[in-house]
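Q: Below you will find the structure I want to go over with you.
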Protein chains: 2
Amino acid sequence: MSTSIPGFHAVVPAGGAGTRLWPLSRAGHPKFLIDLTGSGRTLLQATVDRLLPLTGEGGVLVVTGARHAETVAAQVPELGTADVLAEPSPRDSMAAIGLAAAVLLERHGEDVVLGSFAADHVIHGTEAFERAVREGVVAAHAGYVVTIGITATGPSTAFGYVRSGASLGLDEAPSVAHAEGFAEKPDAVTASAYLATGEYRWNAGMFIVRARVLLDHLAAQLPPLAAGLREIAAAWDGPERAEVLDRVWPGLTKIAIDHAIAEPVAAAGGVAVVPGDFTWDDIGDFDSLAHLLTGDTLGDDDLTLRIDAPGAFVVPGGGRTVSVVGLPDAVVVDTPDAVLVTTLAHAQAVKSAVDGWRARGREDLL
Amino acid sequence: MSTSIPGFHAVVPAGGAGTRLWPLSRAGHPKFLIDLTGSGRTLLQATVDRLLPLTGEGGVLVVTGARHAETVAAQVPELGTADVLAEPSPRDSMAAIGLAAAVLLERHGEDVVLGSFAADHVIHGTEAFERAVREGVVAAHAGYVVTIGITATGPSTAFGYVRSGASLGLDEAPSVAHAEGFAEKPDAVTASAYLATGEYRWNAGMFIVRARVLLDHLAAQLPPLAAGLREIAAAWDGPERAEVLDRVWPGLTKIAIDHAIAEPVAAAGGVAVVPGDFTWDDIGDFDSLAHLLTGDTLGDDDLTLRIDAPGAFVVPGGGRTVSVVGLPDAVVVDTPDAVLVTTLAHAQAVKSAVDGWRARGREDLL
């Protein structure tokens, strides 16, 4: 049984359309709202399930787009209405997480440590996850921006990497090390070279940091963005929220937290890595999803028929039967208004179908 | 303008499930009831359109299964109610065509010449078709069982062949020759060898023959079948039809007309070949269908999107969009209850999907 971590709050950015999982994932019904693993819980629900024991009741804050706020609240009724922050429009991850940090600071004061965990990742290995978070919180209290570095199971070219250096030497967080820096998604040769060093881990975009530290870094790097978020947060729980949001939000700098904070602060020695020895995937495309599932069907297997088609991945999401004949490793996704047919090897190219329909004016499909 | 041929009647056997065109073609909605070419007319309608000018009004008889009789009548309202013969159960082509021949003999007497043309073939080249039929009727009056031999456009392994010999020497049918015999679907090498001789043509299963001659051949080859058909035909237009059908039909020998008549009579010198210099296809599978159409879509092209998928053949028959990414020569058939995904090269294997669903107890899909 896990016990909650005093002063620890979880922030769950719930955004992103997941276009490479189209037509399963749509702009109006993105992947975090979907039970992509067949577990009975959507990715968002599973994320909250994982975090609530660590924060205790009232410790999870979801930041999402205004169009999804109602669905989010319905999916995680265990959160209070104040625990779902609705962004008027998408301004990338720095604004989302920065807003949460600023609101937490207003609500709970200087000692708040926040951990940011995307709503659409899949994690198996609760104990290892908890261990990483607990050590990360210790290092965060020591002033670091802590990132969880996932132990790589192979030289993936789909993820970025973080490089570990010397141990921080913290008694209560013995495995946390200095981060030497981040690397973008590498090619296969580079990825293998990374793993051979034993120093590289997958960068899962999970950050643990004191809210004050995060906002101070932001104030140093992007003062107008920090000021804007501070102004919005001060008004958030009062009568002026709408007015301030209307005025300030549209002008906030659109930037990812990686570029705004993680990379420059790592260069200055302020980022630490805590190893994450759990199974993690961001389910970026159908190839990733197919490998994550135990079977070749997401949904009712009675609706699928494969003949001379080993490894064909089928999502019978429209209630219709799907027959695949002579196409190993095919991907067939059936939904009520769109059928996608491709292969595991073309999983990354699915985005082009979304672009294609957009160019044809079929916004209703996106 | 064509003028009708005195005494000529057309028989259109409308049967066969077309399982290799599943799920477009179903047992309850077979391919002859479908507009497979996008012409605006179903295959059955196009067949009747082609024949009525040659027979004149009232000269086309459709023989179909009882379950399809109502739909057939609705599709070709230009036929009278007496011109659609409903078989209680399928007893193969000899029973179907033999029944029509016997009924025609009862109704119109000894001089009737019938031409049998399947309801689910596609023909382009009306003039050449008419020329072949007119010569065929001349040879039929001379006592021959006449088959139309289609000029082959290539060494197809999907069709059977008929071999021509010496000319019959008929003044009004100068191109009709003796048939030396029939050959089953050959392998590719054999097919090429056939074409090299200049003597082989595709056997399209079209027969032109005097009804009396056909029934006499049948009486010689299969006396009980001939007698059964004669008894049914005598009762057909009277009050006892149902009683006689109930009693006699189930016991009729199930055999194709090729085996019952064409092959043995050819061996005895009684079959003639009239060359057919028109485009013909029996649309046996999706590869054949794809090659027959001018585009890659059967249906509304606005519903299809191909990315890195040249030659992908799509049937958007369920109103949904269909996107194909990275699969050249794929075949995607979308219908309201079944989606089929395969390749042109696997077109012949589609039947196995039908078998697969039957084994799973999904008769509703077949």
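Q: Please specify each residue of region A:266-286 satisfying the condition of being within 24 Å of A:Ala101 (Cα to Cα) and surrounded by fewer than 21 Cβ atoms within 10 Å (Cβ to Cβ).
A: Our first condition is that a residue be within 24 Å of A:Ala101 (Cα to Cα); within region A:266-286, this holds for A:266-276, A:282.
Of everything in region A:266-286, those that are within 24 Å of A:Ala101 (Cα to Cα) and surrounded by fewer than 21 Cβ atoms within 10 Å (Cβ to Cβ) turn out to be A:Ala267, A:Ala268, A:Gly269, A:Gly270, A:Pro275, A:Asp282.
Q: Which of the following residues is under 14 Å from the mean Cα position of the chain (by Cα) and in a helix (DSSP H, G or I): A:Ala96, A:Ala74? Break it down into steps so the answer makes sense when it comes.
A: Values: A:Ala74 fails: under 14 Å from the mean Cα position of the chain (by Cα).
So the residue among A:Ala96, A:Ala74 that is under 14 Å from the mean Cα position of the chain (by Cα) and in a helix (DSSP H, G or I) is A:Ala96.
Q: So B:Asp337 passes all but one of these: (1) touching a helix residue (DSSP H, G or I) at 6+ places or on another chain (Cβ under 7 Å); (2) surrounded by 16 or more Cβ atoms within 10 Å (Cβ to Cβ); (3) within 10 Å of chain A (Cβ to nearest Cβ). Which condition number does it fail?
A: Result: B:Asp337 fails condition (2) only.
Q: Right, next: What's the number of the condition B:Ala102 fails, among (1) in contact with a strand residue (DSSP E or B) (Cβ under 9 Å, 6 or more places away or on another chain); (2) crowded, with 16+ Cβ neighbours inside 10 Å; (3) farther than 29 Å from B:Leu366 by Cβ?
A: (1)
Q: Let me ask something additional. Considering only region B:305-312, I want to know if a residue exists there that is in contact with a strand residue (DSSP E or B) (Cβ under 7 Å, 6 or more places away or on another chain), over 24 Å from A:His346 (Cβ atoms) and more than 8 Å from chain A (Cβ to nearest Cβ). First the steps, then the outcome.
A: Filtering region B:305-312 down to residues in contact with a strand residue (DSSP E or B) (Cβ under 7 Å, 6 or more places away or on another chain) leaves B:305-309, B:312.
Of the ones still in play, those that are also over 24 Å from A:His346 (Cβ atoms) are none.
No, the conditions are met nowhere in region B:305-312.
Q: Report yes if B:Ala204 is in a strand (DSSP E or B), of a type in the set (A, V, I, L, M, F, W, C) and in the same structural domain as B:Ala152 (by TED's automatic domain parsing), otherwise no. Show your work before the answer.
A: Working: in a strand (DSSP E or B): yes; of a type in the set (A, V, I, L, M, F, W, C): yes; in the same structural domain as B:Ala152 (by TED's automatic domain parsing): yes.
When the stated conditions are applied, B:Ala204 passes them.
Q: Of the numbered conditions (1) closer than 20 Å to B:Val113 by Cα; (2) not assigned by TED's automatic domain parsing to the domain that holds B:Pro13, B:Ala177 fails exactly one; give the number of that condition.
A: Only one criterion in (1) closer than 20 Å to B:Val113 by Cα; (2) not assigned by TED's automatic domain parsing to the domain that holds B:Pro13 is unmet by B:Ala177, namely (2).
Q: Scanning region A:195-251 for residues that are among the charged types (D, E, K, R) and within 27 Å of A:Asp120 (Cβ to Cβ), which turns out farthest from the chain's Cα centre (by Cα)? Full working, then the answer.
A: Filtering region A:195-251 for residues among the charged types (D, E, K, R) gives A:199, A:201, A:210, A:212, A:216, A:230-231, A:237, A:240-241, A:243, A:246-247.
Keeping just the survivors that are within 27 Å of A:Asp120 (Cβ to Cβ) gives A:201, A:210, A:241.
Details: A:Arg201: 17, A:Arg210: 19, A:Arg241: 26 Å.
In this case the residue turns out to be A:Arg241.
Q: Any idea how many residues of region B:344-359 are over 27 Å from the mean Cα position of the chain (by Cα) and within 7 Å of another protein chain (Cβ to nearest Cβ)? Break it down into steps so the answer makes sense when it comes.
A: Quick first cut of region B:344-359, residues over 27 Å from the mean Cα position of the chain (by Cα) only: B:359.
If we keep only those that are within 7 Å of another protein chain (Cβ to nearest Cβ) as well, we get none.
Within region B:344-359, residues that are over 27 Å from the mean Cα position of the chain (by Cα) and within 7 Å of another protein chain (Cβ to nearest Cβ) number 0.
Let's see how each residue does on (1) more than 8 Å from every other protein chain (Cβ to nearest Cβ); (2) within 30 Å of B:Leu303 (Cβ to Cβ); (3) of a type in the set (Ser, Thr, Tyr):
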{"site": "A:Ala272", "(1), (2), (3)": "yes, no, no"}
{"site": "A:Asp282", "(1), (2), (3)": "yes, no, no"}
{"site": "A:Asp296", "(1), (2), (3)": "yes, yes, no"}
{"site": "A:Leu303", "(1), (2), (3)": "yes, yes, no"}
{"site": "A:Thr342", "(1), (2), (3)": "no, yes, yes"}
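Q: Let me confirm something: among B:Glu199, B:Glu240, which residue is surrounded by fewer than 17 Cβ atoms within 10 Å (Cβ to Cβ) and either in contact with a helix residue (DSSP H, G or I) (Cβ under 8 Å, 6 or more places away or on another chain) or more than 20 Å from B:Phe159 (Cβ to Cβ) (or both)?
A: On the way: B:Glu199 fails: either in contact with a helix residue (DSSP H, G or I) (Cβ under 8 Å, 6 or more places away or on another chain) or more than 20 Å from B:Phe159 (Cβ to Cβ) (or both).
Residue meeting the stated conditions: B:Glu240.
Q: Identify all residues within region A:262-286 that are within 15 Å of A:Val341 (Cα to Cα) and modelled with pLDDT of 95 or more; write none if there are none.
A: Across region A:262-286, the qualifying residue is only A:Phe286.
Q: Same structure, new question: Out of contact with any Pro (no Cβ under 8 Å at 6 or more places or on another chain), more than 9 Å from chain A (Cβ to nearest Cβ), among the hydrophobic types (A, V, I, L, M, F, W, C) and at negative phi - does that describe any residue in region B:317-330?
A: Checked region B:317-330: no residue is out of contact with any Pro (no Cβ under 8 Å at 6 or more places or on another chain), more than 9 Å from chain A (Cβ to nearest Cβ), among the hydrophobic types (A, V, I, L, M, F, W, C) and at negative phi.
Q: Counting just the residues of region A:118-134 that are at pLDDT 95 or above and surrounded by 24 or more Cβ atoms within 10 Å (Cβ to Cβ), which one comes out nearest to A:Pro250 (Cα to Cα)?
A: For region A:118-134, the residue satisfying everything is A:Ala119.
Q: Six or more apart or on different chains, Cβ under 8 Å: which pairs go from a residue in region B:95-112 that's within 14 Å of B:Ala226 (Cα to Cα) to one that's basic (Lys, Arg) and assigned to a helix (DSSP H, G or I)? Could you list them?
A: Listed by first residue and then by second, the contacts come to B:Ala102/B:Arg230; B:Leu105/B:Arg212.
Q: Now a separate question. Condition test on A:Ala260, is it part of a strand (DSSP E or B), in the same structural domain as A:Arg20 (by TED's automatic domain parsing), touching a residue at least 12 places away in the same chain (Cβ under 8 Å) and surrounded by 14 or more Cβ atoms within 10 Å (Cβ to Cβ)?
A: On the way: part of a strand (DSSP E or B): no; in the same structural domain as A:Arg20 (by TED's automatic domain parsing): yes; touching a residue at least 12 places away in the same chain (Cβ under 8 Å): yes; surrounded by 14 or more Cβ atoms within 10 Å (Cβ to Cβ): yes.
In short, no.
Q: Could I ask something else about it? Inspect all residues belonging to region B:347-361 and state whether any of them is farther than 19 Å from A:Asp308 by Cβ and not assigned by TED's automatic domain parsing to the domain that holds B:Ser25. Don't jump to the end; show me each part of the working.
A: Taking region B:347-361 and keeping what is farther than 19 Å from A:Asp308 by Cβ, we get B:361.
Keeping just the survivors that are not assigned by TED's automatic domain parsing to the domain that holds B:Ser25 gives B:361.
Checked region B:347-361: at least one residue is farther than 19 Å from A:Asp308 by Cβ and not assigned by TED's automatic domain parsing to the domain that holds B:Ser25.
Q: Just checking, which of B:Thr19, B:Thr81, B:Thr37, B:Thr55 is farther than 26 Å from B:Leu366 by Cβ and at pLDDT below 95? Give the steps one after another, and end with the answer.
A: Details: B:Thr19 fails: farther than 26 Å from B:Leu366 by Cβ; B:Thr37 fails: farther than 26 Å from B:Leu366 by Cβ; B:Thr55 fails: at pLDDT below 95.
The unique qualifying residue is B:Thr81.
Q: Picking from B:Leu305, B:Leu327, B:Leu289, which residue would you name as being within 25 Å of B:Ala152 (Cα to Cα) and buried (at least 17 other Cβ atoms within 10 Å of the Cβ)?
A: Details: B:Leu305 fails: within 25 Å of B:Ala152 (Cα to Cα); B:Leu327 fails: within 25 Å of B:Ala152 (Cα to Cα).
The unique qualifying residue is B:Leu289.
Q: Examine region A:81-89 for a residue that is hydrophobic (A, V, I, L, M, F, W, C) and either farther than 20 Å from A:Val244 by Cβ or surrounded by 24 or more Cβ atoms within 10 Å (Cβ to Cβ) (or both), and state whether such a residue exists. Walk me through how you get there before you give the answer.
A: Within region A:81-89, the subset hydrophobic (A, V, I, L, M, F, W, C) is A:82, A:84-86.
Imposing the further condition that a residue be either farther than 20 Å from A:Val244 by Cβ or surrounded by 24 or more Cβ atoms within 10 Å (Cβ to Cβ) (or both) reduces the set to none.
Among the residues of region A:81-89, not one is hydrophobic (A, V, I, L, M, F, W, C) and either farther than 20 Å from A:Val244 by Cβ or surrounded by 24 or more Cβ atoms within 10 Å (Cβ to Cβ) (or both), which makes the answer no.
Q: Of the residues that sit in region B:61-71 and are in contact (Cβ under 8 Å) with a residue 24 or more places away in the chain and part of a helix (DSSP H, G or I), which one is surrounded by the most Cβ atoms within 10 Å (Cβ to Cβ)?
A: B:His68
The values are calculated or read from the model by the stated rules, or taken from the named source; none is laboratory data. All values derive from a computational prediction rather than experimental measurement. Note: ideal-geometry Cβ built from the backbone for every residue, glycine included; neighbour counts use all protein chains shown.
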